[in-house]
Amino acid sequence: MKKKFLMLSLVVSLVLYFAGVASVSAENIEWSSKKLINVKSSPLDVSPSKDGRWIFILSPGEVLVYSASKSKVINSIPVDKGFDRLAYSAKDNTLILSSRTGKAVKIIQLAVIHDIDVSGLPFLGERNAPVTIAVFGDYQ
């Protein structure tokens with residue numbers, strides 16, 4: 001008899017819960033607004049990089065690259081205005097854009113370029129060469 005009563009109580013509780021009559025108590029959640037990013041045109045979609053360094057903001061005709069460390073938009077990638085969705089793939093370091101109306105998908109490969117200050121360091125070749133190859137070594 002006790003087993004039937006417990007089963008019936010469980011079934012009634014689940015029915016009431018899913019019907020919205022009863023609710024399960026949850027822990028309190030504290031939150032605060034961390035940042036507001038103002039952009040010049042309406043954002044259509046947003047996707048963060050896996051490490052959180054960048055936030056990619058799709059706007060009509062461009063993808064804005066927002067740097068979390070610099071707290072500003074650091075770059076803009078021109079795209080067709082028909083793209084309305086955005087995803088970031090950390091595995092390939094690519095942006096995947098899609099257009100519902102244009103029935104198209106575009107994949108953009110990202111590459112990070114690091115500025116290295118070589119002033120005062122030994123070098124070979126012309127000082128104003130269009131390409132600089134920096135070699136780092138550790139003799140230990």
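From V65, V79, which residue is surrounded by 14 or more Cβ atoms within 10 Å (Cβ to Cβ), at pLDDT 80 or above, β-branched (V, I, T) and farther than 30 Å from F136 by Cα?
On the way: V65 fails: farther than 30 Å from F136 by Cα.
One residue alone meets the criteria, V79.
Could we say that S69 is in a loop (DSSP other than H, G, I, E, B), of a type in the set (S, T, Y) and in contact with a Lys or Arg (Cβ under 7 Å, 6 or more places away or on another chain) here? Write out each step before concluding.
Working: in a loop (DSSP other than H, G, I, E, B): yes; of a type in the set (S, T, Y): yes; in contact with a Lys or Arg (Cβ under 7 Å, 6 or more places away or on another chain): yes.
Yes.
Checking the condition at pLDDT below 90, under 17 Å from the mean Cα position of the chain (by Cα) and either in a loop (DSSP other than H, G, I, E, B) or of a type in the set (A, V, I, L, M, F, W, C) (or both), which residue from A111, A26 passes?
A111
Within the set of pairs 6+ apart or on separate chains, which have a first residue in the stretch 41-55 that is more than 16 Å from I74 (Cβ to Cβ), a second that is open to solvent by less than 80 Å² (accessible area, probe 1.4 Å) and of a type in the set (D, E), and C-beta atoms under 9 Å apart?
That search, which allows pairs on different chains as well, returns S41/E62; L44/D84; D45/D84.
Counting just the residues of the stretch 29-62 that are under 20 Å from L110 (Cα atoms) and over 15 Å from the mean Cα position of the chain (by Cα), which one comes out most open to solvent (accessible area, probe 1.4 Å)?
Checked the stretch 29-62; the qualifying residue most open to solvent (accessible area, probe 1.4 Å) is P60.
Please indicate, with yes or no, whether at least one residue in the stretch 89-112 is open to solvent by less than 100 Å² (accessible area, probe 1.4 Å), on the phi > 0 side of the Ramachandran plot and free of Cβ contacts under 8 Å to residues at least 12 places away in the same chain.
Going through the stretch 89-112, the residues open to solvent by less than 100 Å² (accessible area, probe 1.4 Å) turn out to be 89-90, 92-99, 102, 104, 106, 108, 110-112.
When the remaining residues are screened for being on the phi > 0 side of the Ramachandran plot, the result is 93.
Filter again for free of Cβ contacts under 8 Å to residues at least 12 places away in the same chain, leaving none.
Checking the stretch 89-112: not a single residue is open to solvent by less than 100 Å² (accessible area, probe 1.4 Å), on the phi > 0 side of the Ramachandran plot and free of Cβ contacts under 8 Å to residues at least 12 places away in the same chain.
I'm trying to understand the selection: among the residues of the stretch 117-132, which are surrounded by 10 or more Cβ atoms within 10 Å (Cβ to Cβ) and aliphatic (A, V, I, L, M)?
Just the residues of the stretch 117-132 that are surrounded by 10 or more Cβ atoms within 10 Å (Cβ to Cβ), to begin with: 118, 123, 129, 132.
Once the filter is applied, which keeps residues that are surrounded by 10 or more Cβ atoms within 10 Å (Cβ to Cβ) and aliphatic (A, V, I, L, M), the stretch 117-132 yields V118, A129.
Hey, can you tell me all the residues within the stretch 82-104 that are in a strand (DSSP E or B), under 17 Å from V65 (Cβ atoms) and hydrophobic (A, V, I, L, M, F, W, C)?
L86, A87, L95, I96, L97, listed by residue number.
The values are calculated or read from the model by the stated rules, or taken from the named source; none is laboratory data. On a predicted model such as this, the values are computed, not experimentally measured, just so you know. Neighbour counts are summed over all protein chains in view; Cβ atoms, including those assigned to glycine, are modelled from backbone coordinates with ideal geometry. Ligands, DNA and RNA are stripped out before the accessible areas are found, and what is left, the full protein with its side chains, is counted by its heavy atoms. Shrake-Rupley method; radii C 1.70, N 1.55, O 1.52, S 1.80 Å.
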